[in-house]
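Chemist: Dumping the structure here so I can ask a few things about it.
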There are 2 protein chains.
Amino acid sequence: MRIAEASEACGLSAYTIRFYEKSGMLPKIERGPDGHRRFTPRLIEWLTLLYWLRETGMSLKQMRRFTTLAKAGDTGIAERRKILADHADTLKAKRAKLEKCEEVLAIKIASYGPDTKEDDP
Amino acid sequence: MRIAEASEACGLSAYTIRFYEKSGMLPKIERGPDGHRRFTPRLIEWLTLLYWLRETGMSLKQMRRFTTLAKAGDTGIAERRKILADHADTLKAKRAKLEKCEEVLAIKIASYGPDTKEDDP
DNA sequence: GTAGCGGGTTAGAGTTACTCTAAGTCAATG
DNA sequence: CATTGACTTAGAGTAACTCTAACCCGCTAC
């Protein structure tokens, strides 16, 4: 699979995939005789997971750590699980924040009401 | 009110408040005779709204537009309401994405299960 | 056979939104 | 009167992309 298809499949742009590789957040990617990257289904799965992690705000540093552990094999599973569990917790907090903001917006929008005049700021 | 208190009250760091002022996203801030900014309750309210907007991912450009409209007074209310309503929509989408990611994480975590061995990446 | 197209490759510059540092001012306190 | 602590500024540094420039390679069309 070539990079355009991989990008399509995982949700990350080709730029980002190359950037992640440079930044050491991907396992070794094999190259064809023409020097082009060859994406396996397994790699696509990995990229897709990274897509979700970054899309929900995980730092590159954390993602790098996560990949390092995965490359190391079974020994890192406990820490990998912890990283994901911690991230799930921050997602819950983020969701709460979004809900809170939706409330704030609803109130603010209502204050501009159908015929109300506001005087911000 | 001085900047440290303002920061405390609105949730934005003092750095960020100064940066927002430089970037034209705040109404004119009065200065004391010592050259220090003086934060009124009205300004704090404004900063707090901006805090919520940026915390939930609104771009500076959009926030700048919003402030500009607010400075212009009543004429901009319709567009301001639209900006907030649109933002509320994107928040709903974001929330859905978070939920989806929480699912993905739950599945991945389960795959590392209490005694399962995985072989990523 | 070579001109051009559509993919890929790299290094490195540009962007966004902060975040921090350096160097300085001023008011109050020991 | 020196130090402390809070503020001021300009500008450097950072994270995470995002894009540009310059290039290579294989293919079809003339």
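The values are calculated or read from the model by the stated rules, or taken from the named source; none is laboratory data. Since this is a predicted model, take the numbers as computed values, not measurements. Here the Cβ is made from the backbone with ideal geometry for all residues, glycine too, and neighbour counts use every protein chain on show. Just so you know, the surface numbers come from the protein's heavy atoms only, side chains and all, with ligands and any DNA or RNA stripped out. Shrake-Rupley method; radii C 1.70, N 1.55, O 1.52, S 1.80 Å.
Chemist: Take the residue pairs B:K82/B:K108; B:K22/B:K100; B:K28/B:K92; A:K61/B:K28; B:K22/B:K82; A:K100/B:K97 and return only those whose Cα atoms are more than 28 Å apart.
Modeler: The pairs that break the limit, which is 28 Å between Cα atoms, are B:K82/B:K108; B:K22/B:K100; B:K28/B:K92; A:K61/B:K28.
Chemist: Follow-up. Excluding ligands, DNA and RNA, what is the solvent-accessible area per residue of the range B:10-121 at a probe of 1.4 Å, expressed in Å²?
Modeler: Values: 6190 Å² over 112 residues.
In whole numbers, the range B:10-121 has 55 Å² accessible per residue.
Chemist: Further, regarding this structure: Among A:L49, A:L98, A:L84, which one shows the biggest mean-square fluctuation in a GNM of chain A, springs joining Cα atoms closer than 10 Å?
Modeler: A:L98
Chemist: Please compute the average number of Cβ atoms from other chains found within 10 Å of each residue's Cβ in peptide A:92-105.
Modeler: Counting Cβ atoms of other protein chains within 10 Å of each residue's Cβ and averaging gives 6.
Chemist: 222 nm [θ] for the protein assembly as shown, helices only, -39500 (n - 2.57) per DSSP H run of 4+, per residue, to 500?
Modeler: Values: 10 runs with 160 residues, N = 242.
Calculated at 222 nm, the ellipticity per residue is -22000 deg cm²/dmol.
Chemist: Please list, in order along the range B:44-59, the HN-Hα scalar couplings obtained from phi with the Karplus expression 6.51 cos²θ - 1.76 cosθ + 1.60 (θ = phi - 60°), rounded to whole Hz, x for Gly and Pro.
Modeler: Per residue, the Karplus-derived 3J(HN,Hα) values read 4, 4, 4, 4, 5, 4, 4, 3, 5, 5, 6, 4, 10, x, 6, 6 Hz.
Chemist: Short version: what are the Cα gyration tensor semi-axes of the protein assembly as shown, square root of 5 times each eigenvalue, largest first, in whole Å?
Modeler: Each semi-axis is the square root of five times an eigenvalue, giving 43, 19, 19 Å.
Chemist: Considering every residue in B:73-82, what mean count of other chain Cβ atoms within 10 Å of its Cβ is obtained?
Modeler: Rounded to a whole number, the mean comes out at 3.
Chemist: Still on this model: Report, for B:K61, each distance to the same residue's label point in the other copies, shortest first and in nm; define the point 7 Å along Cα→Cβ.
Modeler: 2.9
Chemist: Still on this structure, I have one more. Mind grabbing the base-10 log of I(q)/I(0) for the range B:3-95 at q = 0.11, 0.14 Å⁻¹? Debye formula, identical points on the C-alpha positions, no solvent, two decimal places.
Modeler: The Cα Debye sum returns log10 ratios of -0.33, -0.52.
Chemist: How much of the accessible area of the range B:3-95, probe 1.4 Å, is carbon plus sulfur, in whole percent? Could you put the intermediate results ahead of the total?
Modeler: Working: 2650 of 5070 Å².
Carbon plus sulfur share of accessible area: 52 percent.
Chemist: Here's a follow-up. If one takes the accessible area of chain B alone plus chain A alone and subtracts that of the pair, with a 1.4 Å probe, what total in Å², rounded to the nearest 100, results?
Modeler: 4100 Å²
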